[in-house]
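Okay, so here's the structure we're looking at.
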Amino acid sequence: MNKKKKKKTHVPFRLNILFFLVFVLFSALILRLGVVQIVYGDDYRREIERTEEVTVNNSVPRGKMYDRNLKLMVDNQPLDAITYTRKQGTKQTEMVKTAEKLAKLIEKETDKVTERDKRIFGF
């Protein structure tokens, strides 16, 4: 009657519960990502592709530099700046139209425009 009793451990049962819990959470994550992409995907895509113009009237940060005797060495006057950020999917013709509109506002000598720059923009 010398039967050896096998000692049961709860480790496999606990691991099974842990694996099941991870599986449920991962499934919920996949389901949520599917809902966001399938149901709301077009709304988000339209939001991204929507172009917008933002006018910022803050002056460009400039500073003054003084020497150790507090004598003013460098002083700057704030100037307005125009910044154009190309959105993904912007066509070449739209960029040229925007550049033509901006060219009316900017006074800049064209001596430094290279032939390569002209070829890139189709001039």
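The values are calculated or read from the model by the stated rules, or taken from the named source; none is laboratory data. Just so it is clear, the structure is predicted and the values come from calculations on it, not from any experiment. Backbone-built Cβ (ideal geometry, glycine too); neighbour counts: all protein chains shown.
Candidates in region 30-52 are the residues that are free of Cβ contacts under 8 Å to residues at least 24 places away in the same chain and among the β-branched types (Val, Ile, Thr); of these, the one that is farthest from Arg86 (Cα to Cα) is Ile30. Would you check if Lys64 is within 30 Å of Val36 (Cα to Cα), modelled with pLDDT of 70 or more and not aliphatic (A, V, I, L, M)? When the stated conditions are applied, Lys64 does not pass them.
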